[in-house]
1. How much length is gained if the chain between Glu171 and Gln226 is pulled fully straight, taking 0.36 nm per residue apart and subtracting their Cα-Cα distance, in nm to one decimal?
2. Run the numbers for His181 and Lys77: contour at 0.36 nm per residue of separation, minus the present Cα-Cα distance, in nm.
3. How far apart, in nm, are two points set 7 Å out from the Cα along the Cα-to-Cβ line at Asn62 and at Gln87?
4. Which ³J(HN,Hα) values in Hz, rounded to whole numbers, follow from the phi angles of region 108-114 under the Karplus curve 6.51 cos²θ - 1.76 cosθ + 1.60, where θ = phi - 60° and Gly and Pro get x?
5. 7 Å from Cα along Cα→Cβ at both Arg270 and Lys134: what's the point-to-point distance in nm?
6. Rounded to two decimals, what is the ratio between the C-alpha radius of gyration of region 191-265 and 2.2 N^0.38 Å?
7. 7 Å from Cα along Cα→Cβ at both Ile193 and Thr253: what's the point-to-point distance in nm?
8. Starting from region 116-220, pick out the trypsin sites (Lys or Arg not before Pro) whose DSSP state is loop and whose Cβ has at most 15 other Cβ atoms within 10 Å.
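The values are calculated or read from the model by the stated rules, or taken from the named source; none is laboratory data. For clarity, every value in this text was computed on a predicted model and none was experimentally measured. Positions of Cβ are generated from backbone atoms using ideal geometry, with glycine treated the same way; all protein chains shown enter the neighbour counts. When the accessible area is computed, the model is the full protein with side chains, heavy atoms only, and any ligands, DNA or RNA have been set aside. Shrake-Rupley method; radii C 1.70, N 1.55, O 1.52, S 1.80 Å.
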Amino acid sequence: MTAALCFGSISGMRALWEGRIQKHQEELKAEQEQRKKVAVGEISHLWENRVQLSKLKEKVCNEDGRLILRIEKEEWKTLPACLVKIQQLQEWQIHRTGLTIIPTFIANFTNLLVLDLSRNQISTIPREIGRLTKLRELLLSYNRISKVPVELGSCESLERLDLAVNRDISELPSQLSSLKHLFHLDLNMNQFISIPSVVLELPALEWLDMGSNKLQELPPNIDRMQSLQALWLQRNEISQLPDSIAGLRNLSTLVLSNNKMRGIPPCLQRLQNLRFVNFRDNPLELEVILSPCEEEAEDERELFGLQFMNKYIEMSLSSGDTGHPDAAQVGQS
């Protein structure tokens, strides 16, 4: 009885031991297979990165001593991480590629001077953009951006910012007042209901386009933009201008076409450097017909230009005591 019990115990132990060995061997085999898969995957990934890097290097050119990455009309919805191996790049020009994001590793490109990603599908500007302290131009028009990060204010060398035709931007962070060298700002075709106060604090701003927004009026302190030379306000809902606009001493271009202006304020005549104005397609109360010019092209240019403006103001002042007439003609038809 004792021998049978002992024999049974030994058989059970042997079966248990063999089972464990078999399980261990199966686990070892599975682990080896997994390692092979990982190794193959790593090799494949490494090879893919090399192929992508090689492809990207083919799109790098040297122009006037500046290294430029130029990609046009190819499908690159994302940019591979291997791009950081070309950190010496000074310009990115990537257009019409369907790019959906600006990679966070953009922070590694500290020598970048121009970042041109216009006409893509980008919806977000990463916070890492603030690391690009040498960046001079940021061109992101025709994308899907709705918010501008405060970190953009750290791009202290920025001279040109183009956010046109993103359609959903409605405000700018106050931190952008740090952009002391910004002279060109394009916010055309977005959702601004007023000129952001931070725009008035940009000391070097010379060119501002806020056309195709929802502006109803201009800020009363607009004369703070003493460097401004061109102001584009076409296709808004502006019905009148503040007298302070006459304080823009360097303004040479003023475009107010397709607004709700019913008159032209006399204060505009104090803008001594004004060379081009456009009041086309406004519900102006007075009808002004200028004397014909020798060249039709010149006549077309002047019709709603400086000559038109001065004639309108002259008529407006002369009829000021009795109110605006329904229609008036000056010169020959």
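1. 17.6 nm
2. My answer for the length gained is 34.2 nm.
3. Once both label points are built, they end up 2.1 nm from each other.
4. 6, 8, 6, 9, 5, 9, 10
5. In this crude label model, Arg270 to Lys134 measures out at 4.6 nm.
6. Values: Rg = 11.3 Å, N = 75, 2.2 N^0.38 = 11.3 Å.
After normalising by residue count via 2.2 N^0.38 Å, the value is 0.99.
7. Result for the modelled spin labels: 3.0 nm.
8. Passing sites in region 116-220 are Lys134, Arg144, Lys147, Arg167, Lys180, Lys214.
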